[in-house]
1. For the stretch 292-315, name all the residues that are in a strand (DSSP E or B), open to solvent by 30 Å² or more (accessible area, probe 1.4 Å) and more than 19 Å from Gly281 (Cα to Cα).
2. Might you let me know whether the stretch 151-172 holds any residue that is of a type in the set (Gly, Ala, Ser), modelled with pLDDT of 70 or more and assigned to a strand (DSSP E or B)?
3. What strands (runs of 3 or more DSSP E) completely inside the stretch 525-632 contain at least 2 residues that are open to solvent by 70 Å² or more (accessible area, probe 1.4 Å)?
4. For the stretch 262-291, what are the residues that are surrounded by fewer than 20 Cβ atoms within 10 Å (Cβ to Cβ) and at pLDDT below 95?
5. What about Asp450, is it outside any loop (DSSP other than H, G, I, E, B), at pLDDT below 95 and of a type outside the set (Phe, Trp, Tyr)?
6. Take the residues in the stretch 316-346 that are in a loop (DSSP other than H, G, I, E, B) and among the acidic types (Asp, Glu), then tell me which one is nearest to Gly286 (Cα to Cα).
7. Quick check on Leu511: is it over 14 Å from Gly562 (Cα atoms) and either among the aromatic types (Phe, Trp, Tyr) or in contact (Cβ under 8 Å) with a residue 24 or more places away in the chain (or both)?
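The values are calculated or read from the model by the stated rules, or taken from the named source; none is laboratory data. Nothing here was measured: the structure is a model prediction, and the numbers come from that model. All Cβ positions, glycine included, derive from the backbone under ideal geometry; neighbour counts span all protein chains shown. These area figures cover heavy atoms from the full protein model, side chains too; ligands, DNA and RNA do not enter into them. Shrake-Rupley method; radii C 1.70, N 1.55, O 1.52, S 1.80 Å.
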Amino acid sequence: MSTGIPIAGPPVAAGTLARLTPGGQLRLHTTASTHLIADVEGWFTGPDVPLTAGRTTVLENPATAAPLNDVVISDDGQIIAYVEDQATLHVWSPTLGEIRSFYNIGGIRDLRLSGDGSTLAAEYLQTFEHATGSIRVEQGGHLDVNHDISSWVPGTHQDIVVTGAGSRLRFGISGGTLNSSDSTLSLQVLQGGLLSGTWLHPGDNPNGTASITVDGPGSALAVRDFSVGHGTVDVRITNGATATAINGMQVGCCNTATPKTLLVRGTGSTLVVGDWPNTGGTFNFGFDGTGNTGTVDQGGSVTVNNNAYVGQRGTAALSILGEGSSFSTPFELTIGSADTGTRGTVSLADGAAATLGSLHLSGGPAATGTLTADHGSLAGVAHGVWVSEGGTLEILGGSALEINEYINLYGSAAAPATMLVSGAGSYSFGSGIAIGDWSPGSTGSLTLEDGATVFATNFVETRPRGTLAGTGTISGRMYHSGTLDPGSPLGALDFSEDLRMSGTATTSIQLGGTAPGSFDQLRAQGTLVLDGTLDLALANGFSPLAGQTFDIATSGPGRRFGEFSSVAGTDLGNHLALAVQYLSDRVTLVADTVTALEIDSPSLQVYNGFTEALTATASFASVAAQDVTGGVEWSSDDPDIATVAPDGRVT
């Protein structure tokens, strides 16, 4: 014989519990006897006691003559049963024999299980159409539903409460769903209660709304699959409660704009998703649609035992805030995607931390993926960080990024990959950073601001379409084949070791005055190897005077090698120009008077299809003559016959 329902509590109004299927029998069990109340054949009648709609009938335990609680038949044919502790209510089918109590309870209104040992086992529970129903399991009661708990009809409202230590609601024991479809669902697990089951799918139609609260120490929600779909859904895990979705959790679906919110709040409050190697056990926040927002704060935590996605095909913002709050996965966190309209954002702030296997920030011309740490920590990224098209990584306000491998910034001209490290105490530590790529069109940028530092155990490298800009320190070797643009907008980039340039490098230097900090500088403590193009410009309306000097690049003692292959922007007007002096430990610009300009060409004739290079050499009043080809403005009197490129090439 199966367990049934001991239900305790005061009488309730007629019309608020369950309708039995025709052909079933309603039995009342006590510890002493079984008393047949009524057969159920359309209208409810009974051989022992007549049951009349709207009338309360007091039943007695034949062994003790003690009254049992009410059995009420409502005007619309609903049965309400309240039975004292240790009683059991179940349905018996003449054709199937005794089955797991309440084979199919269609039309649940109010159901209450209260007290240790109070148990109901059912096959299905379904809330009545256009009705407001409730299920309450408390004080150690147990409700076991073999398949679905559903309230899918529009206009239906269902409240489910599991409260108190030892109280338990299980659904989908043999496979099934707790869903609310187009209806309204309020689900609360409180004060140490437990809700467990197979598939939890609240709000899985656009018109559905659901509120799910797991609150208090010991309160737990444990399901195989947690999917928040089309409707408006609010999920709260608070004050030390836990929620677990072993086969994965998905928030957002089907391009709907209805809001879905997730809150994990308070010390000990935990959301656990996934169970590797179950490949379906991912955390997908913002799988689709818009309005997906999540907050983890006041010491709450999210642990994902598989890959995690934020904004995979929709828009999603996840914020981890405050000391002790955390997000972790030993696998990859992917923020954003290339799908048009995707917006994925993760924020770490005010002492929050994230521990990741790897990180991928992705977007496109019309999509973005952003991670911002502001007084937060990404301490412990086991593998690499990839920032691709439209991706942005920001380390701000004293935050830290610590990884075991490389950071790769590979974007495109239409959607660059960007990284910003800003603020005193902000730093990135890892094997190194690759900025841009060697392939055409692959762009990336790294900007340092306000004393930030990048530590590299191997090296930092700007590739031909990569840019390093700002003010701060590169602690490690620096290889420069892209663009260096120190200053924000003016100032110095420091390099604790070597700075080595290649022929594809461009170094941009602005002069806004003579005082330190009013012009750009590159300061290497180790070896400085020069090559590529030096591109000079004036800023803030500054006009150098003859004799003024600017140390734009420095090295360790006697460790400056090479020269720039070309220099642009040297002409200051009024017969003044910037001359470049190469010393053993520095590169100095000198504002000097041009006394002569000589143009040289290997040949006076240029044949169709061929190119000749013009060279301009300037003589100065106080420094040695030098090549100023890149600083001369070239033009042709007749472009139909020949053209002259900015570098002096004639075609």
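1. Thr293, Thr295, Thr315
2. For the stretch 151-172, residues of a type in the set (Gly, Ala, Ser), modelled with pLDDT of 70 or more and assigned to a strand (DSSP E or B): absent.
3. Passing ranges, in order: 586-600.
4. Selection gives Asp275, Trp276, Pro277, Asn278, Thr279, Gly280, Thr290, Gly291.
5. For Asp450, the condition - outside any loop (DSSP other than H, G, I, E, B), at pLDDT below 95 and of a type outside the set (Phe, Trp, Tyr) - is met.
6. Asp339
7. Yes, satisfied.
For (1) open to solvent by less than 30 Å² (accessible area, probe 1.4 Å); (2) polar (S, T, N, Q), each residue gets a yes or a no:
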position	(1), (2)
Gly351	yes, no
Gly357	yes, no
Ser362	yes, yes
His375	no, no
Tyr406	no, no
